[in-house]
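K.L.:
The structure that follows is given in the form of structure tokens.
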Amino acid sequence: MKLTRSYLFFTLLLLCFIQCKKEVHNNPKVKHSINEIHYAKGLEIYKHQGFSIVKITNPWPESKENFTYILQEKNGIIPDSLKQFTVIQIPIKSIVVTSTTHIPTLELLGVENTLIGFPNTDYISSEKTRKLIDTGKVREVGTNESLNTEVLIDMKPDVIVSFGLNNSNPTLDNLQKSGLKVLLNGDWTEQSPLGKAEWIKFFGALYGLDSKADAIFSEIETSYNSTLALTQKTTTKPTVLCGAMYENQWYVPQGESWAALFLKDAQSDYLWTTTKGTGSLSVPFETVLEKAQNAQFWIAPGNFSTLKQMSDNNTHYSQFASFKNKKVYSYAVNKGATGGIIYFEWASTRPDWVLKDLIKIFHPELLPDYKLFFFNKLE
């Protein structure tokens, strides 16, 4: 009798051990992991065995919401505590993106052939992706604010990478209710040059190309910082005016904005650098004329391609010294085959090229052999 009870006891104990071990195996706990992101303020990536956690903490300016996505590798086990979030099988094989800023990232990662849809394809400038569009491999899917739901459901992309201006986007909600995986990308809210560029790691994680994305960003980071170091050789800071008139108001970048930080890093004296904010500032023409009439350089004067276009649009532009001295530089001249502006597509991914352009403009002696990539001097 004792032997039987002992046998039964140990048998039950063994079964309990096996079951407990099985439950632990099937429901692993989320161990502590270090955020892989260093510059971007609105992105966090945590790598674990078999899966990664991607957090979008600033999907739109002053957002009080954040989004979590789980990227599951083949045979990876997702803890029960994470199954409430959108789970995406990686590496993905097809994608729809909604911003031209995502195109260079796909090309640098070598996965542009996975792009199957884009809204307003005419805005895309890159020759590689334009070939895909021209051969019908990338379909038109409407506009970001009103994506063609029927077309997207028919296409069945692995993921749709979009962005939100606020917490109301019925189109994206409908796509998710239809079973499609929609990810919000907040790269456009980043204000530091390297912060925007680091979002290449977001796409690297989707394709299981984390190491490649890290290497590309490291190259960009090194290039930016080494270029920045060149400015330590100069003690001059030329005065700079930005922007142009629109509906009787002049819009200039605020002092904490992405554009203003480039001007600061390029060792220039941007005349609105002390203003607070990360957007644009509306200023009366009279105020701009009083403050910037003698500015040495004028950067990004709207979408004008020549000085004549500027003066024809507004005769008051000719009152500025930078206009008279032909020191006006625009990014609107370099366009793709269908009119998309290359700067809008590539600048956020390659901030080192933007910085080199500006240093070449303000301090040409520091980069004697460099040729401007984004900007052109208006004639």
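The values are calculated or read from the model by the stated rules, or taken from the named source; none is laboratory data. None of these values were measured; they are calculated from a predicted model. No Cβ is skipped: glycine too gets one built from the backbone with ideal geometry, and neighbour counts run over all protein chains shown. Calculation scope for accessible area: heavy atoms of the full protein, side chains included, ligands and nucleic acids excluded. Shrake-Rupley method; radii C 1.70, N 1.55, O 1.52, S 1.80 Å.
K.L.:
Test each condition in (1) in contact (Cβ under 8 Å) with a residue 40 or more places away in the chain; (2) within 20 Å of Ser348 (Cβ to Cβ); (3) among the basic types (Lys, Arg) for Lys93 and report the one that comes out false.
P.N.:
Against the list (1) in contact (Cβ under 8 Å) with a residue 40 or more places away in the chain; (2) within 20 Å of Ser348 (Cβ to Cβ); (3) among the basic types (Lys, Arg), Lys93 comes up short only on (2).
K.L.:
Please determine, by comparing only the residues of the stretch 30-74 that are assigned to a loop (DSSP other than H, G, I, E, B) and among the basic types (Lys, Arg), which one is surrounded by the most Cβ atoms within 10 Å (Cβ to Cβ).
P.N.:
Lys41
K.L.:
Report yes if some residue within the stretch 186-194 is farther than 27 Å from Thr68 by Cβ, in a helix (DSSP H, G or I), of a type in the set (Asp, Glu) and open to solvent by 10 Å² or more (accessible area, probe 1.4 Å); otherwise report no.
P.N.:
So far as the stretch 186-194 goes, no, none of its residues is farther than 27 Å from Thr68 by Cβ, in a helix (DSSP H, G or I), of a type in the set (Asp, Glu) and open to solvent by 10 Å² or more (accessible area, probe 1.4 Å).
K.L.:
Moving to a separate point now. Can you tell me which residues in the stretch 223-237 are modelled with pLDDT of 95 or more and not in a helix (DSSP H, G or I)?
P.N.:
Lys237
K.L.:
Same structure again: If we keep just the residues of the stretch 289-312 that are touching a residue at least 24 places away in the same chain (Cβ under 8 Å) and of a type outside the set (A, V, I, L, M, F, W, C), which is farthest from Pro253 (Cα to Cα)?
P.N.:
Here the residue is Thr306.
K.L.:
Considering only residues that are outside any helix (DSSP H, G or I), free of Cβ contacts under 8 Å to residues at least 40 places away in the same chain and within 19 Å of Leu366 (Cβ to Cβ), which ones fall in the stretch 238-273?
P.N.:
Selection gives Asp269, Tyr270.
K.L.:
Checking Lys177 against (1) in contact (Cβ under 8 Å) with a residue 12 or more places away in the chain; (2) open to solvent by 70 Å² or more (accessible area, probe 1.4 Å); (3) of a type in the set (D, E, K, R); (4) under 29 Å from Gly50 (Cα atoms), only one condition comes out false. Which one?
P.N.:
With respect to (1) in contact (Cβ under 8 Å) with a residue 12 or more places away in the chain; (2) open to solvent by 70 Å² or more (accessible area, probe 1.4 Å); (3) of a type in the set (D, E, K, R); (4) under 29 Å from Gly50 (Cα atoms), Lys177 is out only on (1).
K.L.:
Going through the stretch 205-253 one residue at a time, which ones are farther than 26 Å from Ile359 by Cβ and open to solvent by 60 Å² or more (accessible area, probe 1.4 Å)?
P.N.:
Ser211, Lys212, Tyr246, Glu247, Asn248
K.L.:
Is it the case that Ser162 is under 30 Å from Gln49 (Cα atoms), modelled with pLDDT under 95 and open to solvent by less than 10 Å² (accessible area, probe 1.4 Å)?
P.N.:
Taking the combined requirement at face value, the residue satisfies it.
K.L.:
Same structure, new question: How many of the residues in the stretch 123-154 are in a helix (DSSP H, G or I), of a type outside the set (A, V, I, L, M, F, W, C) and touching a strand residue (DSSP E or B) at 6+ places or on another chain (Cβ under 9 Å)?
P.N.:
3
K.L.:
Sticking with this structure for a sec: Report, by residue number, each residue of the stretch 122-142 that is under 18 Å from the mean Cα position of the chain (by Cα) and within 22 Å of Val182 (Cβ to Cβ).
P.N.:
Tyr123, Ile124, Thr129
K.L.:
Going through the stretch 98-114 one residue at a time, which ones are hydrophobic (A, V, I, L, M, F, W, C) and in contact with a Ser or Thr (Cβ under 8 Å, 6 or more places away or on another chain)?
P.N.:
Ile103, Leu106, Leu108
K.L.:
Among the residues of the stretch 148-162, is there at least one that is touching a Pro at 6+ places or on another chain (Cβ under 8 Å) and of a type outside the set (Val, Ile, Thr)?
P.N.:
no
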